[in-house]
Every structure is written in C-alpha cells, then in structure tokens.
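Undergrad: Have a look at the structure that comes next, please.
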Amino acid sequence: MPESDWDITTGDGSVALELPDGFNGELDAHTGDGSIRMNDITVSNVSGTITRNNVRGRLGAGGRSVRVRTGDGSISCARASVRKRPAHDDAWLKPSPRTTVTRRPPVTNRR
C-alpha cells in the first residue's frame, strides 16, 4: 500500500498501473479522451457511475488516495503477476514518459 496519497497526471499520454495482490487504496481515475480498463481488479464502494472514462471506488480494504488523470490517453489497471512483483511499495506505479507523479504529504486530520 502506498505510504502517502498519489496524484498521477498526464496531458497527452497513457497511464498503466500494475497493482500487487493485497493492494488497498481509494481509486479516482478519469480520462478526457480515452478509456479506462480494469483487468482482474475489483472496485467496491463505487462513487457515482462507472463509465468508459471515469472510475471511483475502493481497491481492497481502501486507504490512501490514488488519483489518476489523463487528458488524451487511456488508463489501465491490472494485477501485477507474481514474477513482476515490485521490490518495494511504490514500484507498482509505471508512468508513461510524459506523466507527472506527485506524492502528496500525509493528511493527519482526514474526515
């Protein structure tokens, strides 16, 4: 699980997330002109309507925020295979070359 919230944005490119087994977080994904593909990933406690370009919901037991935005690109979320399992917690993120990843500081008084 990420140790802090994630903000993943790209104006013109795709984002591919490979999530390890047992990953927990709150997913908020949106693309302006692309699609979102969820491969072997379960999203629960859905907020709003899941559409081809918008997904908001809980991954696993929930936890830190994982916010993903693309202007003109697709977003894919897939289960990381056992042989590709990351060596450390933050390695599951695989941004495209034009992707900006911002780690937000922890919020201590979250409601």
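The values are calculated or read from the model by the stated rules, or taken from the named source; none is laboratory data. Just so it is clear, the model here is predicted, and its values are computed rather than measured. Cβ sites come from the backbone with ideal geometry, for glycine too, and all protein chains shown count toward neighbours.
Undergrad: Checking the condition more than 16 Å from SER65 (Cα to Cα), surrounded by 13 or more Cβ atoms within 10 Å (Cβ to Cβ) and of a type in the set (S, T, N, Q), which residue from ASN24, ASN53 passes?
TA: Step by step, each of ASN24, ASN53 is checked, and only ASN53 is more than 16 Å from SER65 (Cα to Cα), surrounded by 13 or more Cβ atoms within 10 Å (Cβ to Cβ) and of a type in the set (S, T, N, Q).
Undergrad: Any idea how many residues of the range 1-16 are among the aliphatic types (A, V, I, L, M) and modelled with pLDDT under 90?
TA: Number satisfying all stated conditions: 1.
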